[in-house]
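Student: Following this message is one structure expressed as structure tokens.
The values are calculated or read from the model by the stated rules, or taken from the named source; none is laboratory data. These figures come from a predicted structure and were not determined experimentally. Cβ: placed from backbone, ideal geometry, glycine included. Neighbour counts: every protein chain shown.
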Amino acid sequence: MASDPSRSASYMMGHHPSVLKAHCNRTAAVYAAYLLPSIRPHDLILDVGCGPGSITVGLAERAPNGWTVGIDYGAGAIEAAQKSVEQNGGPRNCEFKTGNAYALEWDEGSFDVVHTHQCLIHLADPVRAFKEMRRVCRVGGIVGVKEGNGVVFLTIQ
């Protein structure tokens, strides 16, 4: 039987506190600047591979009347994201959950915007994860991917 990438997924950098601390410096204003002008106040947003949630919070702030969900495979990252929002009085229109990029728990077309930053490069099957991101994005919605120096900005038809 072929190996299932969702069962063997691991983040090679790990979720050590030092890694999470470095990732906390990432903001939507810098790392998702290409996407921000397209976010509307009522959008439903999914941030895949959210890590400690610093970009997720910025996306949620851009859609104050919507809802933003950040998911990460690592429970430690999700705990750090929740703790950061609680301690810093972050937006109330976002939540964090453990999740699997290969098997997103939402129905087809559930989100207006699906975002990921530096996540797909760490996956054994990034195409499979990208297809899942596209599946949960509504027609007319946006899938935004930033990996390394490249950006993919896809409007779903």
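Student: If you check Glu79, Glu95, which single one turns out to be surrounded by fewer than 22 Cβ atoms within 10 Å (Cβ to Cβ), under 13 Å from the mean Cα position of the chain (by Cα) and either at pLDDT below 95 or under 22 Å from Ile142 (Cβ atoms) (or both)?
Tutor: Exactly one of Glu79, Glu95 is surrounded by fewer than 22 Cβ atoms within 10 Å (Cβ to Cβ), under 13 Å from the mean Cα position of the chain (by Cα) and either at pLDDT below 95 or under 22 Å from Ile142 (Cβ atoms) (or both), namely Glu95.
Student: So, in segment 86-103, exactly how many residues are closer than 21 Å to Tyr31 by Cβ and not charged (D, E, K, R)?
Tutor: 8
Student: Quick test for you: out of Gly109, Gly70, pick the one residue that is in contact (Cβ under 8 Å) with a residue 12 or more places away in the chain and over 13 Å from Gly51 (Cα atoms).
Tutor: Answer to the check: Gly109.
Student: Additional query: For Cys119, only one of the following conditions fails: (1) surrounded by fewer than 17 Cβ atoms within 10 Å (Cβ to Cβ); (2) within 11 Å of the chain's Cα centre (by Cα). What is its number?
Tutor: Cys119 satisfies all of (1) surrounded by fewer than 17 Cβ atoms within 10 Å (Cβ to Cβ); (2) within 11 Å of the chain's Cα centre (by Cα) except (1).
Student: Could you give me the residue pairs with C-beta distances under 9 Å whose first residue belongs to segment 84-103 and is of a type in the set (Gly, Ala, Ser), whose second residue is surrounded by fewer than 10 Cβ atoms within 10 Å (Cβ to Cβ) wherever it lies, and which are 6+ apart or on separate chains?
Tutor: none
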